[in-house]
Structure formats: C-alpha cells, structure tokens
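Here is the structure we will look at, set down as structure tokens.
The values are calculated or read from the model by the stated rules, or taken from the named source; none is laboratory data. Note that the structure is a prediction, hence the values are computed from the model and not measured. All Cβ positions, glycine included, derive from the backbone under ideal geometry; neighbour counts span all protein chains shown. All accessible areas refer to the heavy atoms of the entire protein, side chains included, with ligands and DNA or RNA removed. Shrake-Rupley method; radii C 1.70, N 1.55, O 1.52, S 1.80 Å.
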Amino acid sequence: MTAAPGEFDLIGRFFRRTASLPAEVLLGIGDDAALIDWTPDKALAVTVDTLVSGVHFLPDTDAFKLGHKALAVNLSDLAAMGAEPAWATLALTLPRADEAWLAGFSHGFFSLAARHGVTLIGGDTTRGPLSITLQVMGTVPKALALKRTGARPGDRVYLTGSLGSAGLGLKMLQGSFPATDPDLIRCQEMPQPRLETGRCLRGLATACIDVTDGLAADLGHILAASGVGAELQYDRLPLADPVQAYCRTSGDWGFPLQAGDDYELCFTVPAHREARLIEVMTAGGVPITRIGHIVAATPPRLTVWRGTDPLILTRTGFDHFADA
Ligand code: ADP
Ligand code: MG
C-alpha cells in the first residue's frame, strides 16, 4: 500500500509553479510568508492560515480565545519573517449568527490587533461549519527579511521560549492527561506571537521559522530549504517542568519535538554574531536557548542526541494528510 501523500507533497505537486514567478514576487511558496516588492526599501509580507473547528481547536473553545488565536498564529508567521504587521482580512464561516460568540471572538481579535497595530481591512462572512481564515500583511526591509534558506554549517540553532507546553496543554483540554495546569492551557489557547524577537533578529539570524507543527518538522523545513543538516542536544531543549515529567513518565521523549502549537521562533545564527544576539535578546526579555548547531549534510537531516545515542523520532510533526 502506498502511504497517503502529506500536506507538503500536495502543495508541491499541485500548487508550486516556481518557473513563472513575476519579478515583483521576491519570495513565493515555501516560507512563512510571501514577499512582494513594495517600496524601494520594503517588501510586503503576506501570510494566510485557517483554523477549523475540531482540527485546530476544540468545538467548545471560548470565542475570545479563538479570536486571539486566529490572529496570533498569523502574526507568528510574520514574526518568523522579521516583519511588522499592518493589515488583515478575515473570512469567517459560522454555523449560526450567535451574537454572544461574535462579541467574544471580535473582542479577542481586536485586543491582540490593537497591541500590534493591525487594522482589519476586509473579509468574507458565510454560513457553514465553523472555520476561520485570516490573512495578515505587513512590511519588512527587503534586505533584512528572515527566510528559511540561509542556514550554513557552523551556525548555532536557537529557540525562543519553551517546547511542548502547548502540546501538553492540549492533552489536558482533551482529557487525555490526568491533570490541569493553567499555564500550559494558556500556552495552547493564547499563544503570544514573537514579533519583537523577529524584528530584533533582522541582520542577526541566517534563517528563521515559527514552530507550529513540531520543532523536528519545522526545523526540517529550514534544513531542506538551506540544504544543510542539524545536530541538537536533547538535554538543552527548554522544557517546562510538567513537560519534562510527562516525557519521563510516558517514555515519549520525542513529544516536545513533535507536539505542535508552540509558536516559538527557531532560528540560526553564525558564531561570530552570538555575542550581539545575547546582548539584544537580554534587553528584549524573551528567553532564548541554544539547542544545537548546523552541519553539512546531503540529503538534509536532523539528529537529536540524547547523551551519546540518537533519539529515534517516529514522526517529525503534525501533517494534515499524512496523519489522516
Ligand atoms: P506555515 O505553517 O508557515 O503557515 P505552511 O506549512 O502552512 O506554512 O505552508 C508551507 C508553504 O506552502 C507556505 O509558503 C504556504 O504559503 C504554502 N502553501 C500552503 N498551502 C498552499 C496552497 N494551497 N497553495 C499555495 N501555497 C500553499
Ligand atoms: Mg510558519
């Protein structure tokens, strides 16, 4: 039996037409946002994400939190490009006109939008199973946009925040983990896009991605785009205490590398810029951790060392179709 094609096989086979990119498209399919020539100095960064009830959120999720999350996941893609958000369009499919739900959703959306200077400029409203599609646009100095393609052997691999907290929060919400921890549930329901960090990384990071489908999968996209490998040290992974305890008791050591929804930034920095990075990040207040380094490897591959043994990952991360 042939394995089902994954999400990225489908995009590559049916939608990627790189041969015919017009000159104003500086960056097309294959990064966290597309880049369009905008002004002599700036590119327009454009990204879109859909949240589907029962897939991206539990059907009874609080509307305020959903409004926040729909915007946060898109802003996270702009953060990964080092871009400054500006405008959004919102396509909402609703099962019914529930005014209390809409009040909560719009409150969550506009609270985060106000914090990051995002103006809603259009959209579409239809009836059907609950689904939220949001497109966000922003700007970035052309020469400083963070892409997935620039990682080079010797670069250090860094991560903001911590891994696996949102994934464990989801298990708690689903009732498949016998405890609740408000901090972890908050990581799952109210992710905070790392926009300021992304902007600070301009001119410092050689490659950057936001961790949405699991670190192994998302760092894998940097490796594939850059044509390099990476070696990570498991003991360096920043894990909250409950996540460490979960790995120990379940024996699922791959969990923090495969769980999605972290919305942290994973990025690479050459050794000679590390001192500057630490200086900038200390001032910014967002914790960063060096988790490994980039190596020459063909084909690109990720190795995660647990002590002297490589960790065997049964899958790298979430894929809408391969996991079906
Ligand atoms: P992200 O997780 O950063 O939002 P995805 O993993 O969803 O990115 O998508 C990977 C790349 O493929 C992105 O550049 C995205 O814009 C592009 N992409 C995804 N689906 C389609 C599609 N149906 N048509 C064209 N491009 C797509
Ligand atoms: Mg992304």
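Any chance you could look up the accessible area of residue 20 with a 1.4 Å probe, heavy atoms only, rounded to 10 Å²?
80 Å²
In nm, what is the difference between 0.36 nm times the number of residues separating residue 245 and residue 283 and their Cα-Cα distance?
Values: separation 38, 0.36 × 38 = 13.68 nm, distance 3.11 nm.
That works out to 10.6 nm of additional length.
For region 225-324, what is the accessible area per residue in Å² when the probe is 1.4 Å? The partial results should precede the final answer.
Details: 5090 Å² over 100 residues.
Accessible surface, normalised per residue, equals 51 Å².
Take the solvent-accessible surface of the protein heavy atoms, probe 1.4 Å, and return the percent of it on the chain that carbon and sulfur atoms account for.
Working: 8410 of 15230 Å².
Answer for the chain: carbon and sulfur cover 55 percent of the accessible area.
List the residues whose amide H sits under 5 Å from the amide H of residue 264, counting only those 5 or more places along or on another chain, with H placed 1.01 Å from N in the peptide plane.
Answer set, sorted by chain and number: 211.
How do 192-199, 204-211, 307-314 rank on mean C-beta neighbours within 10 Å, highest first? Each step should come with its number before you reach the end.
Details: 192-199: 22.0, 204-211: 26.1, 307-314: 10.5.
Going from most to least packed, we get 204-211, 192-199, 307-314.
Using Cα-Cα distances under 8 Å and only pairs 6 or more residues apart, what relative contact order does region 1-143 have, in percent? Before the final figure, lay out the partial values.
Details: 247 pairs, mean separation 44.5, N = 143.
31 percent.
When only Cα pairs under 8 Å and 6 or more residues apart are kept, what is the percent relative contact order across the chain?
Working: 715 pairs, mean separation 71.3, N = 324.
Relative contact order comes out at 22 percent.
Order these peptides, 123-129, 172-178, by their mean beta-carbon neighbour count within 10 angstrom, highest first. Walk me through the numbers on the way to the answer.
Working: 123-129: 10.4, 172-178: 12.1.
Descending packing order for the listed peptides: 172-178, 123-129.
Find the accessible area per residue for region 7-143; the probe is 1.4 Å, ligands and nucleic acids are left out, and the unit is Å². Please list the in-between numbers first.
On the way: 6810 Å² over 137 residues.
Per-residue value: 50 Å².
Gaussian network model of the chain, Cα springs within a sub-10 Å range: biggest mean-square fluctuation belongs to which of 89, 119, 249?
In this elastic network of the chain, the residue with the biggest mean-square fluctuation among 89, 119, 249 is 249.
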